[in-house]
Every structure is written in C-alpha cells, then in structure tokens.
1. Can you figure out the FRET efficiency of LYS6 with LEU60, using R₀ = 41 Å and their beta-carbon distance, to the nearest 0.05?
2. What is the distance, in nm, between label points placed 7 Å from the Cα along the Cα-to-Cβ direction at VAL92 and at ALA72?
3. Out of the range 3-80, which trypsin sites (Lys or Arg not before Pro) are coil in DSSP terms and have no more than 12 other C-beta atoms within 10 Å?
4. Rg to Rh ratio, the chain, alpha-carbon atoms and Kirkwood radius?
5. Add +1 for every Lys or Arg and -1 for every Asp or Glu among the other residues with Cβ under 14 Å from the Cβ of SER81, and state the total.
Amino acid sequence: MDLIKKWFLDSDIARGREDAWGDDEAFFAWKDDPRNYEENLQELRVQKVLLQLASIGESLSDLKALPQGLAALLRKVDPSSRGQLINELRKVLN
C-alpha cells in the first residue's frame, strides 16, 4: 500500500500533496487510468525477474540449466511475440 501511495502522491494529480491521499475522487481518477502507473509496474516486474535470476546465479548447476530453461520458456511464448523476445534477449547478450 505504501508503494501505491507513493506512486499516487508523485503523480500529476496529487502533485506531492499529502492531503490528496484522502481525496477518494482524485485517487480513483488516477487509479482508473493505468497509464499513470504502468511504468512503475514494469519496473517492479524487472526487479522481480532480477531477483529470480540473481538467485539462479548463486548455483552453478542452476546456471548450467539456464539455457534449457530459457529454451523451454521460449517454447511457451506465443509465436507472434517469440521473435521479438528473442531479439530483445540477443540485444542483452551482445
């Protein structure tokens, strides 16, 4: 809840005003437009995956299994978006 409050207070709607948190109308106007927080959610997803990958990096056997795991993951991805994901992975690996 603290994170959502921070995102809201940092928004253009609240403009850092602490009292805006108590304004239900302002909060729901902000909440109803996902563009207000989708970048924050994406950053949370990145952090989540980073933590998961960091724990893999602590185990040599897990690291050895990583390519097979990525291959299995790619097989599960919808073919229409698989190519884009592969290209993004290539950018990171190069």
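1. Working: r = 38 Å, r/R0 = 0.94.
For LYS6 and LEU60, the calculated efficiency is 0.60.
2. It works out to 1.8 nm between the two label points.
3. Details: sites: LYS5, LYS6, ARG15, ARG17, LYS31, ARG35, ARG45, LYS48, LYS64, ARG75, LYS76; in loops: ARG15, ARG17.
Passing sites in the range 3-80 are ARG15, ARG17.
4. Details: Rg = 19.1 Å, Rh = 16.5 Å.
In the chain, Rg relative to Rh is 1.16.
5. Numbers: positive: ARG75, LYS76, ARG82; negative: ASP78, GLU88.
Within the 14 Å Cβ shell, the charges total +1.
Coordinate-derived values only; no laboratory data. Just so we're clear, the structure is a prediction, and the values are computed from it rather than from any experiment. Please note: Cβ atoms are built from the backbone with ideal geometry, for glycine as well, and neighbour counts cover all protein chains shown.
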